[in-house]
Amino acid sequence: MNSKTIITIITTLIYALITLIAVLNHEIWADEAQVWLLCKHLSIPELFTHLHNEGHPSLMYLITMPFAKIFPDIIAMQIICWFIMCISVFVLFQKSPFPLIVKYAIISSAGFLYFFPVIARSYSIIPILVFLTAILYSKRKENPILYATILFLLANTHIIMLGFVGILTLFHIIENIKEKSFSKKNIISLVIMILGILAVIFQLHDSISSNSCINTKGQDIIANIFKIVTLFFVNTYNYQIIATDTIPNPIIDLSAIILLIISFVLLTINLFVSNKKLFIILLLSIGFQFSIYIFAYNAYIYVTRIFSAYIILLFCFWILYKDNSFNENNTISKKRTTTILLSIFLFLSTFNGINYYILDLKGNYSSAKDTANFIRKNIDINSSILLIRNEAYSISLAYELGNDANLYSITRDNHLKYVTWDEKVSKKMSCEDWLEYCKKISNNYENIYIISTKRTMNEELDNDFEHIYTAPKTFDSGEQHFIHRYKK
């Protein structure tokens, strides 16, 4: 066993242990619970019918579904995402051409240290598929079908990866036409790539009209662009700045963010000088992601989404290092300069990962588990009804309660199994509406409880409702639950 393999194994094991500790201490929040409950309650045909409303393609759901049908605990989905990230680290250290310092900068970055392995979402699948794409990129002519299959899977992880897959597919088509390479393997590979793209379009073609949370009609596009570009870098360095609306250390934080922006710009210039093709791949791929943020997800610039863009940046430099096509005549594009810039850029996000790692160990990502425990100990489920004021932020509680209780949404007039992102999910109800509804059903239940969050104006619940529980504070105020009992 050579020294490289020894370093790879030791590093992967240490990474696996560090991240597993966070995974086992992580409280399930809304988006994670939504994936699990969809897979638990829906059949495959029902899932594909629902996906256009969800706004995400199917790969993560199809991987999760067998486990959700068999196991009651979401830990199965968490372990899947964590294990895939451990494989990604192994592949990175064993197969990538990056210098060792860049490899450690990558796994120390916020995405790898916390957000990808701990938050169990489809983003966790992206690094390994992009790394496999990078490995196969130089061998795509010898292994076109395998290369195409990886791109097919990558396209179906998340809509924001569609641009990356699309540009690689386009370049592959152009290469085959130029070289007049129309072998059976090449034709099959092109069909697979195109089918991967069409599968995403088929699943999500009407998401904007179906999903009320990603509809941006009437919004100021220029303001969106400014906000997204700002959040893209601010959230990279410290997501808590946005979560708390405060800058803990203004001079340090602002300096770090400025340095982050400068290093990103210099890395982009580096690609332009060294390899125009890789520059186009990066520009169009991240440009596509920005268009998705601007016209759909502008309110949700999560760190996982930002680092999905940075994974594409790593792909481009993976190829650059592998081909050793640096322009040594230009200071910015020298190999040594590139290594320094990449390391600085990635290490600047390490604080973000460490911060959230510690927060998750010490505090609550979601209060759903604590709230569910309170309900089991203090509320007679058989004689009571639990009304919710916010479906989107109650879904984690629905998972934690399991079969112990059914949360009831009066805006949908049904029990909550999973969230449907239509106009009802964001429907506002006044305190008078709640009071009227409670009076209407008061004879049917011994006790009526309303479960709400900070996002749902708890101060509106006046003397007609007794406050009985406040959950521990959470990273996201939307995940902190409150319980009020209706006074008959």
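Here are the numbers:
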quantity	calculated
Solvent exposure, largest accessible area first (probe 1.4 Å, DNA, RNA and ligands not counted), of Lys178, Lys488, Lys4	Lys178, Lys488, Lys4
Surface/4 of the Cα convex hull for region 362-488, nm²	7.3 nm²
Separation of alpha-carbon centers, region 40-65 and region 368-435, rounded to whole Å	22 Å
Descending Cα extents along the principal axes, region 108-203, whole Å	46, 30, 17
Estimated 222 nm signal from helices in the chain, with DSSP H stretches of n ≥ 4 weighted -39500 (n - 2.57), rounded to 500	-20000 deg cm²/dmol
Residues in region 388-421 reached by a label modelled at Lys427 [backbone nitrogen below 19 Å; 7 Å Cα→Cβ]	388-395, 407-421
Dimensionless Rg over Rh [region 48-179; C-alpha; Kirkwood]	1.00
Accessible area (Å², 1.4 Å probe, nearest 10) - Asp323	90 Å²
All-pairs alpha carbon distance profile, region 300-445, 5 Å steps from 0, percent	2, 7, 12, 12, 12, 10, 8, 7, 7, 6, 6, 5, 3, 2, 1, 0, 0
Computed over region 1-105, Kirkwood Rh from alpha-carbon pairs, angstrom	15.8 Å
log10 of Debye I(q)/I(0), alpha-carbon scatterers only, for region 91-159 at 0.18, 0.26, 0.27 Å⁻¹	-0.77, -1.15, -1.17
For region 16-67: span of alpha carbons on each principal axis (Å, largest first)	38, 20, 18
Kirkwood-based shape ratio for region 194-349, expressed as Rg/Rh from alpha carbons	1.01
Ratio of the Cα radius of gyration of the chain to 2.2 N^0.38 Å, where N counts its residues	1.04
Accessible area, probe 1.4 Å, largest first, for residues Arg389, Arg121	Arg389, Arg121
Equivalent ellipsoid, region 287-350 (semi-axes from 5 times Cα gyration tensor eigenvalues, Å)	28, 13, 10
Shape parameters for region 135-191, alpha-carbon atoms, Rg then Dmax in Å	11.0, 33
Probe 1.4 Å, all protein chains present, accessible-area order of Met60, Met429, largest first	Met429, Met60
Highest average packing first - 329-338, 152-161, 225-234, Cβ atoms within 10 Å	152-161, 225-234, 329-338
Whole-angstrom gap from region 174-202 to region 100-114, using each part's C-alpha centre	34 Å
√(5λ) per eigenvalue of the Cα gyration tensor, region 266-305, largest first, Å	25, 10, 6
Protection proxy ranking of 369-382, 339-352 - average other beta-carbon atoms within 10 Å, highest first	339-352, 369-382
Dipole of the chain [Lys/Arg +1, Asp/Glu -1 at C-beta], most positive-end residue of Ile187, Tyr437, Asn403	Ile187
Helix runs (DSSP H) in the chain reaching 20 Å along axis by Cα, Kyte-Doolittle at least 0.0	3-25, 75-95, 162-178, 184-204, 221-237, 250-274, 276-295, 303-323
Potential lengthening between Asn324 and Ile79 on full extension [0.36 nm per residue; Cα-Cα distance subtracted]	84.5 nm
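The values are calculated or read from the model by the stated rules, or taken from the named source; none is laboratory data. Please read all numbers here as calculations on a predicted model, not as lab measurements. Every residue, glycine among them, receives a Cβ derived from its backbone with ideal geometry; neighbour counts consider all protein chains shown. Ligands, DNA and RNA are stripped out before the accessible areas are found, and what is left, the full protein with its side chains, is counted by its heavy atoms. Shrake-Rupley method; radii C 1.70, N 1.55, O 1.52, S 1.80 Å.
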